[in-house]
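Engineer: This is the structure, below, for whatever I ask next.
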Amino acid sequence: MTAAPPPASPPPASPPGSRTPAPRIPAGRLTLEGVSPGAAAGLRAGGGGGFTWLGGEPFEGTREAAGMTARAYACGVHRPEFGLYVLVRRADGLAVGSMGFHAAPDEDGRTEIGYDLAEAARGRGYATEALRALAGWALARDDVRRLFAVVEQANAPSRAVLERAGFARVGEAEGEYAYELRGRPHLT
C-alpha cells in the first residue's frame, strides 16, 4: 500500500487570462485533472479531451462545461484554477466525470460549482469524494468565501452529494434548489 500524495496547496490567485496551469487535486480514489483550453475545445467538439472515458465518452454536462471553459479562454477571462476538472479514477486511469466552476469568484468571494458523472460511475461515492476535495481546495484560498450549487429538485442523488459534502440548502425556485457551502468564518 502506498501513501496518498499530500493535498494540493492552493496557489495564489492568478490574474484573468494568465497561463498558470490548473492544479491536480487528489480526491481519495480520484485525481481531479485540470482541463486545458485546447482539451476543453476538443471535448466540446465531441472528442475525449485527451482522456479515456468510462463508457467510451463523457456525459453531456462535461461537454457543456468544456464549452464554458473554451469560451472563457477565447474572451480572455480564463483562470485555469477556476475551470473544468476531469475526475480520473486512480485504479485504472479512466475518466469517470467532471467537476468545476462556472466562473472565477466574484468580488464577494462567491462562485458556482457543477458536476456530472458517467452513468456507470454513479452510486459509488466518486462525486462526493471529488466535491469534498474541490470544495476544500477552493475554500482554503483567500479569494473564495462561498461555493454555490443549483440542482433540480427531482435529482435526489445530486442533492445527496451536496449534502454529504457539507452544503446546506439555502433556497428554492422553479423546480430547483440552491445550495451553499461557506468557507472559513473570518472570510465570510
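Engineer: Let me make sure I get this right: for the chain, a, b and c are the square roots of the gyration tensor eigenvalues over alpha carbons, sorted descending. Under 1.5 in a/c it's rounded, otherwise prolate if a/b > b/c, else oblate. Which is it?
Structural biologist: Working: a/c = 1.23, a/b = 1.08, b/c = 1.13.
Here the chain falls in the rounded category.
Engineer: Stretch Thr52-His102 to full length: gain in nm at 0.36 nm per residue minus the Cα-Cα span?
Structural biologist: 15.6 nm
Engineer: Antiparallel versus total DSSP beta bridges in segment 39-167: what percent is that, nearest 5? Provide the component values of the computation, followed by the final result.
Structural biologist: Working: 10 of 14 bridges.
Close to 70 percent.
Engineer: Rank Thr62, Thr52 by accessible area, highest first, at a 1.4 Å probe radius?
Structural biologist: Values: Thr62 0, Thr52 90 Å².
Correct descending sequence by accessible area is Thr52, Thr62.
Engineer: Tell me the carbon and sulfur percent of the accessible area for the chain, rounded to whole percent, probe radius 1.4 Å.
Structural biologist: Numbers: 4960 of 9410 Å².
The value for the chain is 53 percent carbon and sulfur by accessible area.
Engineer: Ignoring ligands and nucleic acids, what accessible area does Glu172 show with a 1.4 Å probe (Å², nearest 10)?
Structural biologist: 120
Engineer: How big is the accessible area of Leu94 in square angstrom, nearest 10, if you roll a 1.4 angstrom probe over the protein chains?
Structural biologist: 40
Engineer: Would you mind getting the accessible area per residue of segment 31-188, heavy atoms of the protein chains only, 1.4 Å probe, in Å²? Don't skip to the end; give the middle numbers.
Structural biologist: Details: 7200 Å² over 158 residues.
Accessible area per residue: 46 Å².
Engineer: Okay, next question. Using the Cα centre of the chain as the reference point, and only Cβ charges (+1 on K/R, -1 on D/E), how large is the resulting charge dipole? Debye, rounded to the nearest 20. Let's see the in-between values first.
Structural biologist: Values: 21 positive and 21 negative charges, 122 e Å.
With Lys and Arg at +1 and Asp and Glu at -1, about 580 debye.
Engineer: Can you give the FRET efficiency to the nearest 0.05 for Ala178 and Arg90, using r as the Cβ-Cβ distance and R₀ = 25 Å?
Structural biologist: Values: r = 32 Å, r/R0 = 1.29.
The formula returns an efficiency of 0.20 here.
Engineer: Farthest toward the dipole's positive end in segment 98-188, which of Leu131, Tyr179, Phe101, given Cβ charges of +1 (Lys, Arg) and -1 (Asp, Glu) about the Cα centre?
Structural biologist: So the residue we want is Leu131.
Engineer: Let me cross-check Phe101: its accessible surface, 1.4 Å probe, with only protein heavy atoms counted, in Å² to the nearest 10?
Structural biologist: So the heavy atoms of Phe101 present about 20 Å² to solvent.
The values are calculated or read from the model by the stated rules, or taken from the named source; none is laboratory data. On a predicted model such as this, the values are computed, not experimentally measured, just so you know. Note that we place each Cβ from the backbone using ideal geometry, even for glycine, and neighbour counts take in every protein chain shown. Just the protein is used for accessible areas: all its heavy atoms, side chains included, with ligands, DNA and RNA removed. Shrake-Rupley method; radii C 1.70, N 1.55, O 1.52, S 1.80 Å.
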